[in-house]
Amino acid sequence: MGFIMPAQTRSQRSFGTHAAYANIAAYKFIRLDNTTELCPVYQDICKQLNVRGTILLAPEGINVFLSGTPRDITSFVAWLQSDARLSDIEVKWSYSDNVTFKRMVVKVKKEIITMRMPLITPERGRAPLVDAQTLKRWLDQGHDDTGTPVVLLDTRNAFEVDIGTFAHALNDQMNKFTDFPEVAAAHKDQLANTTVVTFCTGGIRCEKAALYMKHIGYGKVYQLDGGILKYFAEVGGVHYRGDCFVFDDRIALNPQLEPATTV
């Protein structure tokens, strides 16, 4: 059965109307026990809608990066959210003059972001969140609302950090996310009397990171809700230095969510 494209809302029609292609990033930690059955279903809908990108399915959830015409991407999002388990999945949008992926891949994985720490189960409960506006306010005033110093912890890999990160953020130039547990353990005493905010590109890594830090005994730990991309969308580049690496042909986005020109 073919998929019937829904009508776009006014906000969807007006947002990015001068760009030829829409790009989305979305994830949700949720228990998925039927990933093998879902894989061909996702492949079929992406083929019908002529979108490209990567979708990862795992027992702990779903991770989506797609590019296509605004109409086709809007249709995919409507289809995705028609699954009751994913009705509230948050989608981050950006626009470009070209499709930002060369092909479409749907994969079944053990984890949608590999940490190799089976005791960390974000599908059972999220890490504490701090939204972009609150984090900006904390950084403006130099502390959180209780007067506790705030430390930003970058959970991304070294090559991503080199393209851009928050001013004064702590990072250990990791080569891969599986190094994070060692990083967290190394800084536990140093960060004992601070409020730690983990951050990453779109939220997926910093969510697992914050949960792991709570697991090993950190006190006040939050993840930046929606990561750098949502921060850019809501407050721009205040307190951020440089651009944000993205995993598609654009390489990096500036705080206006446009392809960076300095990479």
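Could you please find all residues in region 239-263 being under 24 Å from residue 210 (Cβ atoms) and either out of contact with any helix residue (DSSP H, G or I) (no Cβ under 9 Å at 6 or more places or on another chain) or surrounded by fewer than 15 Cβ atoms within 10 Å (Cβ to Cβ) (or both)?
Once the filter is applied, which keeps residues that are under 24 Å from residue 210 (Cβ atoms) and either out of contact with any helix residue (DSSP H, G or I) (no Cβ under 9 Å at 6 or more places or on another chain) or surrounded by fewer than 15 Cβ atoms within 10 Å (Cβ to Cβ) (or both), region 239-263 yields 241, 247.
How many residues does region 65-97 hold that are without any contact (Cβ under 8 Å) to a residue 12 or more places away in the chain and crowded, with 21+ Cβ neighbours inside 10 Å?
Summing the residues that are without any contact (Cβ under 8 Å) to a residue 12 or more places away in the chain and crowded, with 21+ Cβ neighbours inside 10 Å in region 65-97 gives 0.
Filter region 43-63 down to the residues that are touching a residue at least 24 places away in the same chain (Cβ under 8 Å) and more than 15 Å from residue 85 (Cα to Cα) and list them by number. Walk me through how you get there before you give the answer.
Step one: filter region 43-63 for residues touching a residue at least 24 places away in the same chain (Cβ under 8 Å), giving 43, 45-49, 51-63.
Within region 43-63, 43, 45, 46, 47, 48, 49, 51, 52, 53, 54, 55, 56 qualify.
Being farther than 27 Å from residue 60 by Cα and in a strand (DSSP E or B), is that true of even one residue in region 196-215?
No - not one qualifying residue is present in region 196-215.
Regarding residue 100, is this residue surrounded by fewer than 19 Cβ atoms within 10 Å (Cβ to Cβ), polar (S, T, N, Q) and touching a residue at least 40 places away in the same chain (Cβ under 8 Å)?
no
Could you check how many residues of region 24-52 are within 15 Å of the chain's Cα centre (by Cα) and over 27 Å from residue 125 (Cα atoms)?
Count: 0.
Which members of region 129-151 meet the condition of being outside any helix (DSSP H, G or I) and touching a residue at least 60 places away in the same chain (Cβ under 8 Å)?
If the condition is that a residue be outside any helix (DSSP H, G or I) and touching a residue at least 60 places away in the same chain (Cβ under 8 Å), then 129, 130, 131, 144, 148 are the ones that fit.
Being surrounded by 16 or more Cβ atoms within 10 Å (Cβ to Cβ) and touching a strand residue (DSSP E or B) at 6+ places or on another chain (Cβ under 6 Å): is that true of residue 28 here?
Yes: the conditions hold for residue 28.
With (1) over 17 Å from the mean Cα position of the chain (by Cα); (2) modelled with pLDDT of 95 or more as the list, and residue 119 as the residue in question, which single condition is left unmet?
The one condition residue 119 does not meet is (2).
Within region 112-149, which residues are within 21 Å of residue 182 (Cα to Cα) and either acidic (Asp, Glu) or in contact with a His (Cβ under 7 Å, 6 or more places away or on another chain) (or both)?
Result: 119, 120.
The values are calculated or read from the model by the stated rules, or taken from the named source; none is laboratory data. Because the structure is predicted, anything quoted here is derived from the model rather than measured. No Cβ is skipped: glycine too gets one built from the backbone with ideal geometry, and neighbour counts run over all protein chains shown.
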